[in-house]
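Take a look at the structure set out below.
The values are calculated or read from the model by the stated rules, or taken from the named source; none is laboratory data. If you're wondering where the values come from, they're calculated on a predicted model, not measured in any experiment. Because the Cβ atoms are built from the backbone with ideal geometry, glycine has one as well, and the counts that use them run over all protein chains shown. Each accessible area value is taken on the protein alone, full model and side chains, heavy atoms only, with ligands, DNA and RNA left out. Shrake-Rupley method; radii C 1.70, N 1.55, O 1.52, S 1.80 Å.
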Amino acid sequence: MNLPTICIVGRPNVGKSTLFNKLVGKKISIIEDTPGVTRDRIYGEVTYQGKKFNLIDTGGLDIAKELFNDEIKTQVEIGVLEADKIIFVVDAKEGLTANDLEVKELLKKSGKEVIVAINKVDSNSANNHIYDFYELGFSNFIEVSGEHNIGIADLLDEIIEGFKKEEKEAENVCESIAS
């Protein structure tokens, strides 16, 4: 049985790679304050409450016409196509940006389930922007801090939501075929 696949998407420097490393439990993705460090898709496997899933880290989508942005966008689009669910990471400290709105458009077109992870909620300045992200039009928001382990269990609970049902359905199909 194929594992569910979750793709992490967002603009540059919102903490996608930090969150990826936190979820997979080891440092696989390089973390830098410089945009464009993650360019390709990076894969890991996560086990949480007995459920396994594949996790994809992607580069930051940037609407600026800079070197590598088109290549990064292609890699993100492939990750989104592979995904069963998407984690859209935004930065609570900086608030909603034009790049966030660009990412939103890509994700809305995908038709996939999106969990908005409002990252970097570990400071007082983050509280000023939390509600700005509801403008994105998604229905599922979770406040997290990948760096300080805030909200990670809630995010994981949301990610695996529905996995049990899918597994039971697959078991029922196998039982029906075997009978």
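Points worth noting:
- Residues located in the stretch 125-135, provided they are surrounded by fewer than 19 Cβ atoms within 10 Å (Cβ to Cβ) and hydrophobic (A, V, I, L, M, F, W, C): I130
- Which numbered condition I150 misses (of (1) under 16 Å from T5 (Cβ atoms); (2) open to solvent by 60 Å² or more (accessible area, probe 1.4 Å); (3) touching a strand residue (DSSP E or B) at 6+ places or on another chain (Cβ under 9 Å)): (1)
- Number of positions in the stretch 51-78 that are farther than 19 Å from K109 by Cβ, at pLDDT 85 or above and open to solvent by less than 70 Å² (accessible area, probe 1.4 Å): 5
- Complete set of residues in the stretch 121-153 that are of a type in the set (D, E, K, R), out of contact with any His (no Cβ under 7 Å at 6 or more places or on another chain) and in a loop (DSSP other than H, G, I, E, B): E147
- Checked against (1) at pLDDT below 95; (2) at negative phi, V144 passes all but a single condition, namely (1).
- Total residues in the stretch 69-101, condition in a helix (DSSP H, G or I) and either among the aliphatic types (A, V, I, L, M) or more than 20 Å from S139 (Cβ to Cβ) (or both): 17
- Residue check, I87 open to solvent by less than 20 Å² (accessible area, probe 1.4 Å) and out of contact with any strand residue (DSSP E or B) (no Cβ under 9 Å at 6 or more places or on another chain): no
- E102 meets all of the listed conditions (1) modelled with pLDDT under 95; (2) crowded, with 19+ Cβ neighbours inside 10 Å but one, namely (2).
- Enumeration of residues in the stretch 115-124 that are open to solvent by 10 Å² or more (accessible area, probe 1.4 Å) and either free of Cβ contacts under 8 Å to residues at least 60 places away in the same chain or closer than 20 Å to I42 by Cα (or both): V121, D122, S123, N124
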